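We did not get these values from a lab; they are worked out from the coordinates using the rules stated. Just so you know, these numbers come straight off a predicted model, no measurement behind them. Note: ideal-geometry Cβ built from the backbone for every residue, glycine included; neighbour counts use all protein chains shown.
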Amino acid sequence: MLQRYGLQLRSVLGCSTRSFSASSGGLPVQASLPQAQPFGNVPKLRPANIVILKYPIAPQPVYINVSSLLPEHSSTGNVAILPPSVFRHPIRRDILHLCVNHYLDNQRQGTAATKSRGEVQGSGRKIRQQKGSGRARLGDGQSPMLRGGGHTFAKKARDFSTKLPRKVLQMGMRVLLSAKVRENALGVVEILDWPTAKTAELARRITSLGWQRTLLVTGADTVQETLMRASRALDGTETITAAQLTIHQGLKWERLILDYAAVDFFERTLGKQEIDVAAGLSGHVV
């Protein structure tokens, strides 16, 4: 196409038209150069009605239907409004990895200990002469090559615990709760209460609700006595308080059920201060 037709280019800076053709070898026929314009004459574009936000827009709250553990209140019809700063946090797998390793490191006892060759009791006399026996050279009886001798690299009791900033642990709990919400694996009840200590009745109720592999979390100081006695014999259910919940436990269980008190506990301990965006917009319109 360039060999048959000429290509005309008009400069956006207001210079004259320059023609390029194949016969001229791709060089411009008119050698006039564009006149440089000073930068001060270039108009500044400033669109009107642009709103500059001093603070980011707050995310929408999380809405979850409220269930009930009691059979007579199977469908309450209420909807729980959860704070987005706790239950809609960005998913950070690296933070969960740090928190789980921190928990597992702190669970190690670190009491393993063995004796080195210097700690094994016995004489330091050389067992046999260095040469002439036809056998391998050997030192004292504490040699690691002999039975009953010391260990070459003896284990010693040590502390395996690691430290992690408090804010990282709090972020890990937010990520855990937000991940459960995203997976539809988090439920809310008004109160975790059970009238009797019969395990069979609680097992039938949990099966009807579809709460297999479920961790029940209450915000009270202690778990209700009858609920504790009824659930401790169940294989796929456990009941703890919100203060006892760890990130390792939350990841191990497929579903979390929180009562109103547990939601208030996490909102109080993990929640961030909400920013009034409407108030922050005053005086920021140009």
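Here the stretch 71-138 and the stretch 170-244 have alpha carbon centers that stand 28 Å from each other. Extension gain, Leu70-Lys155: 0.36 nm per intervening residue step, less the Cα-Cα distance, totals 25.2 nm.
For the pair Ala136 and Asn106, a Förster radius of 45 Å applied to the C-beta separation gives a FRET efficiency near 0.50, rounded to the nearest 0.05. Spin-label pair Asp264-Lys126: with each label point 7 Å from Cα along the Cα-Cβ axis, the two points sit 8.1 nm from one another. Once a ≥ b ≥ c are taken as the square roots of the eigenvalues of the Cα gyration tensor of the stretch 142-184, is the result rounded (a/c under 1.5), prolate (a/b larger than b/c) or oblate (a/b not larger than b/c)? The shape class here is prolate.
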